[in-house]
Amino acid sequence: MSNRNQIKSAKRVVIKVGTSTLTYENGNINLGRIEKLARVISDLMNSGKEVVLVTSGAIGVGSSKLKLKEKPQSIREKQAVAAIGQCELMHIYSKFFGEYSHTVGQVLLTRDVVEDDHIRENVVNTFETLLEMGIVPIVNENDTVSIDEIENIVKFGDNDNLSAIVASLISADLLIILSDIDGFYDKNPRENDDAKLLEEVLEITEELENAAGGAGTNFGTGGMITKLMAAKVSNKAGVNMVLANGECPEVLRDVLEGKEIGTLFIRDKK
């Protein structure tokens, strides 16, 4: 059974969308794309899959809602804008998923969930219960109280690491990270015309980490290095990960049909 064929049988899937997928380049909300995302995920659930959506974008959506010309710079402003953006984001998801007869539940996490056994157990139970009830858990970093992601972007990225933690917590079969790039390249494709897309990665080497560098977009915070870190965490926990372009949310269906799309980071068989 090929590695891509294995993906076809994935039942429990964590999907992560970044700010660049949810917003236009000018920072405004891309409603058309969010609507498509909700439709595709709803259809995947109708086919019998369990889906957890890890979303970024609270600060971006909050900035858009407040008509700010640029994202706030200070921690206190960012956290206040995140509080507004999180409400707006959940309202949008709730509306679109509701149109396809699915209910969403908000799960805001801080990094200490993995460090404290008692908290971790409670979080896992919450996810299990939501999935049993056929509800879409929508996960974000609790930006209003946690400054890890806001301050330490290079370390954690735009919720990439959070999505890998969630995938390992709930023993997912697959993590799909949707980004603004087609997959993982052997060098930066924006600077090198001869950059090659890697279809499969069996092991994350130092060479790959060097190739990742640390690029980001204006409104997103994650670079390629955070995608690699997410792959490391999920693969070690026995979860396959696919990095693909989120421009057309229908790509989720193609990935789950085993098509050669994006980069597949293969789980640790041990």
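Among GLU128, GLU141, the ranking by other beta carbons within 10 Å of each residue's beta carbon, starting with the fewest, stands as GLU128, GLU141. Between ILE119 and LEU31, the modelled label-to-label distance comes to 3.7 nm, taking each label 7 Å out from Cα in the direction of the beta carbon. Straight-line cross-link reach from LYS69 at under 19 Å between alpha-carbon atoms covers these lysines, not counting any fewer than eight positions away in the same chain: LYS78. Shown for SER64, SER20, SER42: other C-beta atoms within 10 Å of each C-beta, ranked fewest to most, produce the order SER42, SER64, SER20. Only lysines eight or more places from LYS95 in sequence, or on another chain, were considered; those with a Cα closer than 17 Å are LYS36, LYS65. In terms of distances greater than 21 angstrom between alpha carbons, the cross-link table entries LYS187/LYS269; LYS49/LYS259; LYS16/LYS227; LYS11/LYS236 yield LYS187/LYS269. Among THR103, THR110, the ranking by other beta carbons within 10 Å of each residue's beta carbon, starting with the fewest, stands as THR103, THR110.
Each distinct pair of alpha carbons in the chain adds a 1/r term; the inverse of their mean, the Kirkwood radius, is 18.4 Å.
Here the Gaussian network model covers the chain, with springs between Cα atoms less than 10 Å apart; of ASP193, ASP173, ASP182, ASP193 fluctuates the most.
Taken together, the values in this text are just the output of simple stated rules run on the coordinates, not laboratory data. Because the structure is a prediction, the values reported are computed rather than measured. Methodologically, a virtual Cβ is constructed for each residue, glycine included, from the backbone with ideal geometry; neighbour enumeration extends over all protein chains shown.
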